[in-house]
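Please treat every number below as a calculation from the coordinates, not as lab data. Being a predicted model, the structure only gives us computed values, none of them experimental. Quick reminder, even Gly has a Cβ in these numbers, built from the backbone with ideal geometry, and neighbours come from all protein chains shown.
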Amino acid sequence: MPNSPTFTTIVLVRHGATATTGTTLPGRTAGLHLSDKGIAQARAVAERLKEQGKKPVALYSSPLERTRETAAALATALKVKTQIDRGLLECDFGAWTGKRLSTLRKSAQWRNVQNTPSSFRFPQGESFSEMQLRIWSTLERLATKHRNRTIVAVSHADPIKAAVTYAQGVPLDLFQRTVISPCSLSVIVMTNAAPLVLCVNNTGSLSELSPA
């Protein structure tokens with residue numbers, strides 16, 4: 001029936017910690033791997049995902065090393081193959097890529113990044129609006145492909161933040177008020193009516209996770 005309700009659960013996982021987490025803006029820098037802490041986080045989140053009632057039928061990852069390495073731990077635990085999707089990539093920070101956060105916070109543009117991100121474009125890079133459209137379009141495409149199933153998508157803090165706040169109807173200019181920690185889980189149910197956000201930045205148990 002064409003009007004039958006559909007519910008596709010997408011578990012968004014931020015990659016584990018790296019040597020630069022919290023100190024620099026790595027962006028799409030190649031060759032950045034998980035730290036020992038990040039590897040442990042990835043293994044722990046893989047165990048937590050086993051608590052879900054519905055086994056994920058697919059696992060997608062951003063192409064960067066830190067997300068692929070996180071996904072590898074999930075793939076082993078969940079017994080699914082990792083598929084790479086560029087729609088899950090980190091925001092393109094352009095000329096800001098690799099800069100120390102302590103330096104960026106002193107720039108005149110930092111206030112715009114925090115308070116009016118909808119109007120900001122990274123020099124030689126992507127705008128927040130473009131990033132949000134990209135990640136949401138990707139999730140819609142994957143939800144359509146895996147209708148009424150559960151899937152996992154490993155991505156980065158800003159894209160996950162942008163997706164969760166969009167699903168909640170939060171204006172992009174307020175999305176910086178949401179925190180997405182390394183290897184946290186944020187779960188969105190994509191329906192043919194409106195999206196449902198089941199949890200954000202979850203670092204605990206998923207044993208009771210279900211829409212009310």
### Query
Can you pull the Kirkwood radius for segment 156-200, inverse mean 1/r over Cα pairs, to one decimal in Å?
10.8 Å
### Task
Using only the alpha carbons, work out the radius of gyration and Dmax of the chain in angstrom.
16.6, 56
### Query
Can you tell which of Ser107, Ser186, Ser129 shows the greatest fluctuation in a Gaussian network model of the chain with Cα springs below 10 Å?
Ser107
### Summary
Mean-square fluctuation maximum in Gaussian network of the chain, Cα pairs under 10 Å, restricted to Gly31, Gly16, Gly87, hits Gly31
### segment 33-58 and segment 84-106: distance between their alpha carbon centers, rounded to Å
24 Å
### Task
Identify which of Ala193, Ala157, Ala58 has the largest mean-square fluctuation in a Gaussian network model of the chain, with springs joining Cα atoms closer than 10 Å.
Ala193
### Query
Say R0 is 25 Å: what FRET efficiency, to the nearest 0.05, do Ser107 and Arg86 get from their beta-carbon distance?
0.30
### Ascending count of other beta-carbon atoms within 10 Å, so fewest first, for Thr150, Thr9
Thr150, Thr9
#### Entry: Using a Förster distance of 35 Å, the FRET efficiency for Val170-Thr20 (Cβ separation, nearest 0.05)
0.80
### Task
Taking H placed 1.01 Å from N in the peptide plane, check which residues at least 5 places from Ile84 or on another chain put their amide H under 5 Å from its amide H.
Ser61
### Query
How big is the Cα convex hull of segment 119-196 in projection, averaged over all directions, in nm²?
5.6 nm²
## Note on the structure
With 0.36 nm assigned to each residue of separation and the Cα-Cα distance removed, Thr6 to Cys199 gains 67.6 nm
### Query
From the phi of every residue in segment 160-175, what ³J(HN,Hα) in whole Hz does the Karplus formula 6.51 cos²θ - 1.76 cosθ + 1.60 yield, where θ is phi - 60° and glycine or proline is x?
5, 4, 5, 5, 5, 5, 4, 4, 7, x, 7, x, 4, 5, 10, 5
### For Val57, Val80, Val45, order by how many other beta-carbon atoms lie within 10 Å, fewest first
Val57, Val80, Val45
### Task
Filter the chymotrypsin sites (Phe, Trp or Tyr not before Pro) in segment 84-153 to those in DSSP coil with at most 14 other Cβ atoms within 10 Å of their Cβ, and list the result.
none
#### Entry: Residue order, fewest to most surrounding Cβ atoms within 10 angstrom, among Glu90, Glu130
Glu130, Glu90
